[in-house]
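Enquirer: Quick one: the structure is below, questions incoming.
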Amino acid sequence: MSTQIPKQTEESSETEAETQPASKGEERRAEKRRRAAERREQRQEEEAEKAAADESTVELKVFRYDPQVEGKQEPRFDTFHVPFTKGMTVLDALMYARDTYDSSLTFRHSCRQAVCGSDAMFVNGGQKLACKTQISDLEEPVRVEPLPHAEVTKDLVVDMEHFYEQMEAVEPYFQTDEYPDGELEEQRQDRANREKIKMSTRCIWCGACMSSCNIAAGDNEYLGPAAINKAYRFAMDEREGEEMKQKRLEIIEQEHGVWRCQTQFSCTEVCPKDIPLTEHIQELKREAVKNNLKFW
Amino acid sequence: MYEHDVVVVGAGGAGLRAAIAAQEAGADVAMVSKLHPVRSHTGAAEGGINAALRDADSWQDHAYDTMKGSDYLGDAPAVEALCQESPEEVIRLEHWGMPFSREDDGRVSQRPFGGLSFPRTTYAGAETGHQMLHTMYEQVVKRGITVYDEWHVMDLAVTDEDDPAERTCHGVVAYDIQSGEISGFRAENGVILATGGMGQVFDHTTNAVANTGDGVAMAYRAGVPMEDMEFIQFHPTTLPSTGVLISEGVRGEGGILYNSEGERFMFEHGYANNDGELASRDVVSRAELTEVNEGRGIEDEYVHLDMRHLGEERILDRLENILHLAEDFEGADGLTEPMPVKPGQHYAMGGIETNEFGETVIDGLYAAGECACASVHGANRLGGNALPELIVFGKRAGRHAAGEEMGEAEIETGRSGNWQPADYEFGVEVGETGGSGTAAADGGAVVSDAESVLGAAVDRAQERVDELLSRKGRNHAEIRSAVQETMTANVNVFREEGRLEETLADLREAREAYKDVAVSDPSRTFNTDLIHTIETRNILDLAEALTMGALAREEFRGAHWRKEHQERKDEDWLKHTLISWNDGEPELWYKPVVLEGENKTYEPKSRSY
């Protein structure tokens, strides 16, 4: 069971409340709050004991780190015992642990349905979206860590800035000079072409691929699988036209672009949206070669 | 302090569109959002965008369907704006590269949706919102618009004149989640609230954990009335265990609902003899729960949605995402078995009172998207009408805030025109509990120049954070779940007076408990305990207003069903419910619905599908 680190803070704030001159009402309220907090702590302990004794609980070992809080500045693992319920995901278990045992347990999450891309984590040694990873599929204890190869901000939260910078380095927006004449007229797109780019448009920017990539770990400037996939999404979209495609191929052919990829498939394996990232990178390599031959 | 012409709060569909529009109109724009833009819940929208694109269709038909769907509580000028401008906005998205599903001739596909007289729902598979969100964020990147992501807006900087209509909004106060820094954001021209839904008021919801209605609650406490809060849409097809949404597109493509006896109950039990599964969402949700209540549910909880007969090819082409969701979150294989579904909270029709340009009664304060109430959806929103609302009203608010001339609004805000006070007596005290420390801004500072107003708001926010972090008390989580439980149990699809009153009492108790709330994580770094604690206050205010509206509206209209009042009462209730915070003593009042459109008046008709 995790112990709350800030014991000292709690004590000091109590002393403060006692030494300050306070009205009767304030004292009463402070006393009430103290009692409520005590009751809560007791309840937490009881629940934790009950959970630890129960066989239908799942044991989580969760990475903890906070640069500011005493006792958390040295990374450590906390153990939580969470009652197992059918269909429980890693995210469900983390939320339970946070809301029941330790409200300082920190992780990003929002949609709970694998579309916001907030909760990519390192679960039992693999990059996973916590919300779509079933506890029942994992071996215990379940070890939950922040994404490797990224700076840890706190607990399971990593700094995503570098990932965003790489995504934005590939001119990740639609560009064309030729629009249909009518204001209310759409560009035509072949069904097959839409199908071709479909998987690449499913990216939710979770960062799992980048975290799994050995090349990205060694070359900080490598665009990485997600950004190259974003470039693929536009380069293969027939609506942008040939001229733009040339420009896009130049972007991904740069020193830290597609040629860095050594086709280890780790990105493809971890992608929670099943995007064939390595294939997309390979296809761009082929396009780039074809393109270069044209001008040769 | 940061300074911009226009500050947009929230970076989902409405916020992104507003920022782009304001920037195109020449303003220096910044977006402030507690999530990175691509994490916004617009990304979870599945079904599509209604737009009268084809010759055989017309915006007038779309407007008629929307007005009927709203059960005649939509305001015609807003409804007509939605329907007139949706086509050009959809084409604009296509021109920005959005990967719509296509027909054989290469044009964007459209499919049937509930309550529509023409198949006018454009879509991108069953992931329309994801594609729309990313397409618009791409445009924000292209334009270099400043985004302050993972900054939680805590409060509005509003002057404190007695009459909210005389107040001015000068900016916002936000908390940098990463660093714990609190800063003012001065908005020279205007603040646009685009904070999305409030689904976390309930515990079975399709909404994200982040959808805590922050913008609505902030505007409310600053003096903007909340409109039609009682109208909550319960989507008929959500997965029972998680609330994950199964798109209406499944029924649009031909999916069928069955009860435990294998009956196609929408027809066989006469809930909607013409449209069956494609009746309006409120109708289908009530039908499902009636089946369950009468013993024909499966496991006493849900019904079945079957799409197997559509065939693998069509499902993979148009609904593939549904297969993944059903499998990942319910363990059901949509290709070989029916999927379990039940109604879940999905959308708030009500929200921040605005006119058709997104203006609120407070000068310089706008709202667009789900947090706003213009009202486009009235008593019930049609499927496929939320996404066009984001782009049409996001654009309008952005342009207006940037100073573009847009003419006179038809819809009045605040207590002007034919407003009337309500004489409803609540059995329980509502509003501020008079506790210390948790009182939020209710009108701003005693000064009126912009910098001082903003400075005072920053100081208040700082005090509040310091207090929450330093004192000892109870955690917000149990208070939040108590609110969610009572709301889901009592202010759901079926509502009755006694239980609504009980809910108000429960909420009173939760408010009392919140007075003792404290944050136990002392860190200034990524303190989600603090953020969630602040959000819970917003949830409390919204849950209370919602329940007040549900009690006061003694009729059955759209999504609002009352046991004691089983009919729509047009003579008394063709009017909007408004609730003003009134410095902590909420006041209920009404204003008439605007049924006069550009060229016609929408006469209320009986609503059958």
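The values are calculated or read from the model by the stated rules, or taken from the named source; none is laboratory data. Everything quoted here is computed from the prediction, not taken from an experiment. Cβ: placed from backbone, ideal geometry, glycine included. Neighbour counts: every protein chain shown. We work out accessible area using only protein heavy atoms, side chains counted, and drop any ligands, DNA or RNA first. Shrake-Rupley method; radii C 1.70, N 1.55, O 1.52, S 1.80 Å.
Enquirer: Can you give the average number of partner chain beta-carbon atoms within 10 Å of each beta-carbon in peptide A:178-185, as a whole number?
Expert: Numbers: counts 0, 3, 3, 0, 1, 5, 7, 5.
That works out to 3 on average.
Enquirer: If you don't mind, another one. Over all pairs of distinct alpha carbons, what does the Kirkwood formula give as the hydrodynamic radius of region A:39-158, in Å?
Expert: Working: mean 1/r = 0.0684 Å⁻¹.
Kirkwood radius, region A:39-158: 14.6 Å.
Enquirer: Each label point is 7 Å from the Cα along the Cα-to-Cβ direction; what then is the distance between the points at B:Asp572 and A:Glu74, in nm?
Expert: My value for the distance between the label points is 7.0 nm.
Enquirer: State the cysteines of the protein assembly as shown left without a partner when partners are defined as other cysteines whose beta carbon lies under 4.7 Å away.
Expert: Isolated Cys, the protein assembly as shown: A:Cys131, A:Cys203, A:Cys206, A:Cys213, A:Cys261, A:Cys271, B:Cys83, B:Cys169, B:Cys371, B:Cys373.
Enquirer: Residue by residue through region B:27-33, which ³J(HN,Hα) values in whole Hz follow from phi under the Karplus form 6.51 cos²θ - 1.76 cosθ + 1.60 (θ = phi - 60°), with glycine and proline marked x?
Expert: 8, 7, 10, 10, 10, 10, 9
Enquirer: Whole-Hz Karplus ³J(HN,Hα) for region A:68-76, in order, using 6.51 cos²θ - 1.76 cosθ + 1.60 and θ = phi - 60°, x for Gly and Pro?
Expert: Values per residue, Gly and Pro as x: 10, 9, 4, x, 10, 6, 8, x, 8 Hz.
Enquirer: Sticking with this one: What GluC sites (Glu not before Pro) in region A:193-296 are in a loop by DSSP, with at most 16 other Cβ atoms within 10 Å of the Cβ?
Expert: Values: sites: A:Glu195, A:Glu221, A:Glu238, A:Glu240, A:Glu242, A:Glu243, A:Glu250, A:Glu253, A:Glu255, A:Glu269, A:Glu279, A:Glu283, A:Glu287; in loops: A:Glu221, A:Glu255.
In loop regions of region A:193-296 (DSSP not H, G, I, E or B), the sparsely surrounded GluC sites (Glu not before Pro) are A:Glu221, A:Glu255.
Enquirer: Shape call for region B:450-565 from the C-alpha gyration tensor, a ≥ b ≥ c root eigenvalues: rounded (a/c under 1.5), prolate (a/b greater than b/c) or oblate?
Expert: Details: a/c = 3.12, a/b = 1.97, b/c = 1.58.
Taking the square roots of the gyration eigenvalues as a ≥ b ≥ c, region B:450-565 is prolate.
Enquirer: Any chance you could check region B:237-253 for residues losing 10 Å² or more of accessible area when the partner protein chains are in, compared with the chain on its own (1.4 Å probe)?
Expert: B:Thr242, B:Val244
Enquirer: R0 = 30 Å: FRET efficiency of B:Ala489 with B:Asp459, Cβ-based, nearest 0.05? Can you show the working numbers first?
Expert: Numbers: r = 40 Å, r/R0 = 1.34.
Plugging the Cβ-Cβ distance into 1/(1 + (r/R0)^6) gives 0.15.
Enquirer: Which trypsin sites (Lys or Arg not before Pro) from region B:532-593 combine a DSSP loop assignment with at most 14 other Cβ atoms within 10 Å? Can you show the working numbers first?
Expert: On the way: sites: B:Arg537, B:Arg553, B:Arg557, B:Arg562, B:Lys563, B:Arg568, B:Lys569, B:Lys575; in loops: B:Arg553, B:Lys563, B:Arg568, B:Lys569.
Passing sites in region B:532-593 are B:Lys563, B:Lys569.
Enquirer: Count, for each residue of B:86-99, the Cβ atoms from other chains sitting within 10 Å of its Cβ, then give me the mean as a whole number.
Expert: Numbers: counts 0, 2, 2, 0, 2, 8, 2, 1, 8, 9, 3, 13, 3, 13.
For peptide B:86-99, the averaged partner shielding equals 5.
Enquirer: Which FRET efficiency value, to the nearest 0.05, is calculated for B:Glu429 and B:Glu103 with the Förster distance at 51 angstrom and r the Cβ-Cβ distance? Please report the intermediate quantities before stating the final value.
Expert: Details: r = 59 Å, r/R0 = 1.15.
Computed FRET efficiency for B:Glu429 and B:Glu103 comes out at 0.30.
Enquirer: Then there is this: Given contacts defined as C-alpha pairs under 8 Å and at least six residues apart, what's the relative contact order of region A:161-294, whole-number percent?
Expert: Values: 159 pairs, mean separation 40.0, N = 134.
The value is 30 percent.
Enquirer: Accessible area per residue for region B:237-343 in Å², computed with a 1.4 Å probe and the full protein assembly in place, what is it? Walk me through the numbers before you get to the answer.
Expert: Details: 3920 Å² over 107 residues.
Solvent-accessible surface per residue comes out at 37 Å².
Enquirer: Ok, one more. Using every pair of alpha-carbon atoms in the protein assembly as shown, split the distances into 20 Å bins beginning at 0 and state the percent of pairs per bin, rounded to integers.
Expert: Percent of pairs per bin, in order: 15, 49, 33, 3, 0.
Enquirer: For region B:559-609, restrict the atom set to alpha-carbon positions and state the Rg and Dmax in Å.
Expert: 14.7, 43
Enquirer: Could you work out, residue by residue across A:156-163, how many beta carbons of other chains sit within 10 Å of that residue's beta carbon, and then give the average as an integer?
Expert: Values: counts 1, 6, 0, 1, 3, 2, 0, 0.
That works out to 2 on average.
Enquirer: Each residue of region B:267-284 in turn: what ³J(HN,Hα) in whole Hz from Karplus with 6.51, -1.76, 1.60 and θ = phi - 60°, glycine and Pro shown as x?
Expert: For region B:267-284, the Karplus-derived couplings read 8, 5, 10, x, 6, 7, 5, 8, 9, x, 4, 9, 5, 4, 4, 4, 5, 5 Hz, x marking Gly and Pro.
Enquirer: Another question, then. Using 7 Å Cα-to-Cβ label points, what is the B:Lys563/A:Phe265 separation (nm, one decimal)?
Expert: 6.0 nm
Enquirer: Over region A:163-296, with the other protein chains present, what is the accessible area per residue in square angstrom, probe 1.4 angstrom? Could the numbers behind the result be given before it?
Expert: Values: 6210 Å² over 134 residues.
Accessible surface, normalised per residue, equals 46 Å².
Enquirer: Would you please state which residues of region B:109-123 a label at B:Ser608 would reach in this model, taking the label point 7 Å out along Cα→Cβ and a backbone N cut-off of under 13 Å?
Expert: Answer for region B:109-123: none.
Enquirer: Would you please classify the overall shape of chain B from the alpha carbon gyration tensor, given that a ≥ b ≥ c denote the square roots of the eigenvalues, rounded means a/c under 1.5, and beyond that prolate means a/b larger than b/c while oblate covers the rest?
Expert: On the way: a/c = 1.44, a/b = 1.29, b/c = 1.12.
Rounded, since a/c falls under 1.5.
Enquirer: Next question, about the same structure. Which whole-angstrom value gives the distance between the alpha carbon centres of region B:502-517 and region B:278-303?
Expert: 32 Å
Enquirer: Additional query: Using a Cα-Cα cut-off of under 26 Å, which lysines could be cross-linked to B:Lys68, ignoring same-chain neighbours fewer than 8 residues away?
Expert: Within reach: B:Lys342, B:Lys395, B:Lys563, B:Lys569, B:Lys575, B:Lys591, B:Lys600, B:Lys605.
Enquirer: Moving to a separate point now. List every residue whose amide H lies under 5 Å from the amide H of A:Val58, counting only residues 5 or more places away in sequence or on a different chain, with H placed 1.01 Å from N in the peptide plane.
Expert: It is A:Val82, A:Phe84, by chain and number.
Enquirer: Here is a further query. Summing -39500 (n - 2.57) over the DSSP H runs of n ≥ 4 in chain B and dividing by its residue number, what mean residue ellipticity at 222 nm do you reach, to the nearest 500 deg cm²/dmol? It would help to have the intermediate numbers written out before the result.
Expert: Details: 16 runs with 204 residues, N = 609.
-10500 deg cm²/dmol, from helical runs alone.
Enquirer: Please compute the net charge surrounding A:Phe80, taking Lys and Arg as +1 and Asp and Glu as -1 over other residues with Cβ under 10 Å from its Cβ. Don't skip to the answer; put the middle values down first.
Expert: Details: positive: A:Lys61, A:Arg98; negative: A:Glu59, A:Asp78, A:Asp102.
For residues surrounding A:Phe80, the net value is -1.
Enquirer: Quick check: at a probe of 1.4 Å, how many percent of the accessible area of chain B sits on carbon and sulfur atoms? Write down the numbers at each step before the final one.
Expert: Working: 7250 of 17830 Å².
Result for chain B: 41 percent of the exposed heavy-atom area is carbon or sulfur.
Enquirer: Any chance you could get the radius of gyration and Dmax over the Cα atoms of region B:237-343, in Å?
Expert: Values for region B:237-343 (Cα only, Rg and Dmax): 12.7, 37 Å.
Enquirer: On to the next question. Got a sec? Charge dipole of the protein assembly as shown, +1 on Cβ for Lys and Arg, -1 for Asp and Glu; which of B:Asn355, B:Leu35, B:Gln420 is way out at the positive end?
Expert: Comparing the listed Cα positions along the dipole, B:Leu35 ranks first.
Enquirer: Now a separate question. How much length is gained if the chain between B:Asn293 and B:Glu24 is pulled fully straight, taking 0.36 nm per residue apart and subtracting their Cα-Cα distance, in nm to one decimal? Intermediate results must be reported in sequence, preceding the final value.
Expert: Details: separation 269, 0.36 × 269 = 96.84 nm, distance 5.31 nm.
Going from the current span to full extension adds 91.5 nm.
Enquirer: Using a 10 Å cut-off on Cβ atoms, rank the peptides B:164-171, B:507-514 from the highest mean neighbour count down.
Expert: On the way: B:164-171: 22.6, B:507-514: 19.4.
Output ranking for B:164-171, B:507-514: B:164-171, B:507-514.
Enquirer: A follow-up question, please. Debye sum, Cα scatterers, region B:1-137, no solvent: what log₁₀ I/I(0) at q = 0.09, 0.13 1/Å?
Expert: Taking Cα atoms of region B:1-137 as identical point scatterers yields -0.31, -0.63.
Enquirer: So which GluC sites (Glu not before Pro) in region B:326-430 pass both tests, a DSSP loop state and at most 14 other Cβ atoms within 10 Å of the Cβ? Walk me through the numbers before you get to the answer.
Expert: Details: sites: B:Glu327, B:Glu330, B:Glu353, B:Glu356, B:Glu359, B:Glu370, B:Glu389, B:Glu404, B:Glu405, B:Glu408, B:Glu410, B:Glu412, B:Glu425, B:Glu429; in loops: B:Glu356, B:Glu404, B:Glu405, B:Glu408, B:Glu410, B:Glu412, B:Glu425, B:Glu429.
Sites meeting the loop and neighbour criteria: B:Glu405, B:Glu408, B:Glu425, B:Glu429.
Enquirer: Using amide H atoms built 1.01 Å from N in the peptide plane, name the residues 5+ places from B:Thr146, or on other chains, whose amide H lies under 5 Å from its own.
Expert: Those qualifying (amide H under 5 Å, at least 5 residues apart or on another chain) are B:Val29, B:Met31.
Enquirer: Roughly what angle does helix B:320-330 make with the longest principal axis of chain B, taking Cα atoms, 0 to 90 degrees, to the nearest 10?
Expert: In chain B, helix B:320-330 runs at an angle near 70 degrees to the longest axis.
Enquirer: Please compute the net charge surrounding B:Asp28, taking Lys and Arg as +1 and Asp and Glu as -1 over other residues with Cβ under 14 Å from its Cβ.
Expert: Value of the local net charge: -2.
Enquirer: Tell me the angle of helix B:59-69 to the major Cα principal axis of chain B, expressed in degrees between 0 and 90 and rounded to the nearest ten.
Expert: 80 degrees
Enquirer: Under 5 Å between amide H atoms, partner at least 5 residues away or on a different chain: which partners does B:Val517 have, H built in plane at 1.01 Å?
Expert: When sequence neighbours closer than 5 places are left aside, the close amide H contacts are B:Arg474.
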